[in-house]
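This report concerns only the one structure given below.
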Amino acid sequence: LGRVDKYGVDGFISYAPVKSLAFYLFGSVLESEIKDDLQLTPTTYAPTAGKRESGAATYSYGGTVRGMLGPVELGVTAKRTGPRYLFDTNLPLVIGGVTQFPAKTPAYWLVNADARFSLADFGLEKTHLQFNVYNLFDKLYFGGFDGSLTQSTSAPFIQIGAPRTISGTLV
């Protein structure tokens, strides 16, 4: 793509009003600007100057709540991921003169939960049983894609995000 100016800000705040309860807030903003049109052939250029790189979310933010009650620790995290351009030209996917997909993927929320049970009361001081639920509400979202330079006669490869996944671990 040639020269691309990128910059952003990440932030994180945590607060624990009591030892057994904690709140976390986080967020990121990412900017990028492609400086020049990209030469495809000796006479053809892709209109990328002034556009944003494809595949990178414009923002993300969310929070976590963690609590402890005796041998049990519970946590819930919610994260919002902003829209992402499909192409470096920032144009929609058009095939045969018909818009097949807008220029950006939609923003989405993901919620994850976890529960950890200490087995110290059973004589296993450094052992715990943990359960995790990823994508708690089974949200359909675009997990990743091969952000590409320009539209072609077919859609880009898009990976659908993981469905609700439950796992358990003995540590």
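The values are calculated or read from the model by the stated rules, or taken from the named source; none is laboratory data. Just so it is clear, the structure is predicted and the values come from calculations on it, not from any experiment. Note that we place each Cβ from the backbone using ideal geometry, even for glycine, and neighbour counts take in every protein chain shown. We work out accessible area using only protein heavy atoms, side chains counted, and drop any ligands, DNA or RNA first. Shrake-Rupley method; radii C 1.70, N 1.55, O 1.52, S 1.80 Å.
Any idea which of (1) open to solvent by 60 Å² or more (accessible area, probe 1.4 Å); (2) of a type in the set (A, V, I, L, M, F, W, C); (3) in contact (Cβ under 8 Å) with a residue 40 or more places away in the chain is the one Val4 doesn't satisfy?
Condition (1) is where Val4 drops out.
List the number of the failed condition for Ala57; all other conditions in (1) farther than 30 Å from Asp37 by Cα; (2) in contact with a Gly (Cβ under 7 Å, 6 or more places away or on another chain) hold.
Every condition holds for Ala57 apart from (1).
Scan the stretch 7-18 residue by residue and report those that are free of Cβ contacts under 8 Å to residues at least 12 places away in the same chain and either in contact with a Phe, Trp or Tyr (Cβ under 6 Å, 6 or more places away or on another chain) or not in a strand (DSSP E or B) (or both).
If the condition is that a residue be free of Cβ contacts under 8 Å to residues at least 12 places away in the same chain and either in contact with a Phe, Trp or Tyr (Cβ under 6 Å, 6 or more places away or on another chain) or not in a strand (DSSP E or B) (or both), then Ser14, Tyr15 are the ones that fit.
Take Leu38 and decide whether it is closer than 30 Å to Asp121 by Cα and aliphatic (A, V, I, L, M).
Details: closer than 30 Å to Asp121 by Cα: no; aliphatic (A, V, I, L, M): yes.
Taking the combined requirement at face value, the residue does not satisfy it.
Listed here are the residues, each with its yes/no results for (1) in a loop (DSSP other than H, G, I, E, B); (2) open to solvent by 40 Å² or more (accessible area, probe 1.4 Å).
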{"residue": "Arg66", "(1), (2)": "no, yes"}
{"residue": "Glu73", "(1), (2)": "no, yes"}
{"residue": "Arg80", "(1), (2)": "no, yes"}
{"residue": "Asn90", "(1), (2)": "yes, no"}
{"residue": "Ala115", "(1), (2)": "no, no"}
{"residue": "Asp121", "(1), (2)": "no, yes"}
{"residue": "Glu125", "(1), (2)": "yes, yes"}
{"residue": "Val133", "(1), (2)": "no, no"}
{"residue": "Phe137", "(1), (2)": "yes, yes"}
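Among the residues of the stretch 93-113, what is the count of those that are open to solvent by less than 50 Å² (accessible area, probe 1.4 Å) and either under 30 Å from Gly70 (Cα atoms) or part of a strand (DSSP E or B) (or both)? Working first, answer last.
Let us first name the residues in the stretch 93-113 that are open to solvent by less than 50 Å² (accessible area, probe 1.4 Å), namely 93, 101, 103, 105, 107-108, 110-113.
In the following step, the residues that additionally are either under 30 Å from Gly70 (Cα atoms) or part of a strand (DSSP E or B) (or both) were identified as 93, 101, 105, 108, 110-113.
Number of matching residues: 8.
Quick one: in the stretch 27-64, of everything that is within 27 Å of the chain's Cα centre (by Cα), part of a loop (DSSP other than H, G, I, E, B) and among the polar types (S, T, N, Q), which residue is nearest to Arg80 (Cα to Cα)?
Out of the qualifying residues, it is Thr58.
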